[in-house]
C-alpha cells in the first residue's frame, strides 16, 4: 500500500510504475482525493477551534454583561454543534475514499523486472534437468490416477462439486510424503521455523496481505453457522486462507520486531482454498486447478537491505525441492503485466509435465518490499533511529498437489504404475512402486 505523501512528492515516478504494469496514470486523481481529505479534516479542526474560542468569548461577554454578544456567540456554538455530525461524516467519507483508492493500487515493479503485457512476455532465466524420453506415449496424471483406482473425481463431485478430488491408498500416502519431505527439508536444511497456523482469517489479515478488497471474488467466506461455497459477496466473519502466506505474514502485523530477529523465516504446510472465479474453462480436468489443495508455504520477514538477497535464497530453497525429486523445471522472471498485485518481483518455477508436453507453474516466489507491511503496520526497530517498515517475501515451497501431478507424470511406467522417487521412499515405508491393487 502506498503512502500518499510519497505519491505527492513522486507523482511522475508513481505514474511511470503504473504505466509499466499497463495501467492508466492515477496520481492526479489520488491527490485530488487527498486534497478533499485535507479540506474535510481542516474544516473540522477549524470548527473545533472556533467552538472552543467562542465558548471562552461567551464567558467574557457574560462577565462584561454584554447579553446580546453572549446570545450571538451561543447561537454560533449551537450552529457548530448542529453541523458537527455532518462535518464528521464528511471527514470519514473523505478518508475512506482515499484509503479505498490506495488499497486497490498494485505494487510498483522493480527496475530489474522485464516489461510486458502477459505471460507470453515472461523471461526464462534458467533450466534444470532434462525431460525424460519415453518409449511409450506418456499419460496425464488424472489418467494415471484413475487407472490405478486411487484418484476419484466422480466421488469428489458427489461430495463437493467440481474442482475437488479424493486420493486414496498409496496415492494419498505419496501426497502426504511430499508434504513431509518438503517441511523437513525447509526446517532441517534451510532454517525455516515450522508453523501450524489457523485456516480462518479475519478481514484485517486478508487486507494485510492484499487479498482484500480487490480479490474478494476469489475467496471463500465462512460466517457463523454456515459456509458460503460461492465466492463471497457479503461481509464475512472469516475467510478460508487462499495460501498460508496470509497467516504467516500477518504474524508480524501490528508488531515492532527487533532488528536482531530478522530475517524471520517461517514455513507451513496447510490446505488452501480458492474460488477460482476467473478460471472458468481452464484446467477443468485433474488436479492442476482446484478449490482445495495442499501447499507448503515459505515466508520471510526482513529489513529493506536484506530482501533482494532473501528473494534469491527463497527461490533457491523451492528449486532444491524439485532437484531432490529429480523433476525437470525452468525458472522464469515474470513481466510487469503478469506479476501479482502485491509483488515487486516474482520468479515462477515451472515443472515439466510429459503428459501435457509443457512446463506448468509449481512455485511462485515474490518479494513485496514494504507494500504489505504498510497495510498491516509491521515494523522493526533498527539499531539507530525510529521504527521502519519491514519487507515481506512469500513463495511456494512447493505446491504439493502439483508436485504429485509432476511425480505421477514423470515417474510413470509403461504399465501405468508409478515409481516412487528415491527421496520419498523413507516417507513411504520403503514402497518403491505404486501399482493397481
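The values are calculated or read from the model by the stated rules, or taken from the named source; none is laboratory data. Just so you know, these numbers come straight off a predicted model, no measurement behind them. Virtual Cβ from ideal backbone geometry, glycine too; neighbours counted across all protein chains shown.
Residue-by-condition table, conditions (1) under 17 Å from residue 178 (Cβ atoms); (2) in contact with a strand residue (DSSP E or B) (Cβ under 8 Å, 6 or more places away or on another chain):
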| site | (1), (2) |
| --- | --- |
| 357 | no, no |
| 362 | yes, yes |
| 375 | no, no |
| 422 | yes, no |
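For the stretch 140-157, check the following and say yes or no: at least one residue is under 29 Å from the mean Cα position of the chain (by Cα), surrounded by 19 or more Cβ atoms within 10 Å (Cβ to Cβ) and in a loop (DSSP other than H, G, I, E, B). Among the residues of the stretch 140-157, not one is under 29 Å from the mean Cα position of the chain (by Cα), surrounded by 19 or more Cβ atoms within 10 Å (Cβ to Cβ) and in a loop (DSSP other than H, G, I, E, B), which makes the answer no. Being within 30 Å of residue 207 (Cβ to Cβ) and at pLDDT below 95: is that true of residue 101 here? No: the conditions fail for residue 101. For the stretch 274-307, which residues satisfy the criterion of being without any contact (Cβ under 8 Å) to a residue 60 or more places away in the chain, closer than 26 Å to residue 374 by Cβ and in contact with a strand residue (DSSP E or B) (Cβ under 8 Å, 6 or more places away or on another chain)? Scanning the stretch 274-307 gives a single hit, 274.
Do we find a residue being crowded, with 24+ Cβ neighbours inside 10 Å and not in a strand (DSSP E or B) anywhere in the stretch 411-428? The answer is no, given that none of the residues of the stretch 411-428 is crowded, with 24+ Cβ neighbours inside 10 Å and not in a strand (DSSP E or B). Tallying residues that are closer than 20 Å to residue 358 by Cβ and at pLDDT below 95 within the stretch 135-163 yields 0.
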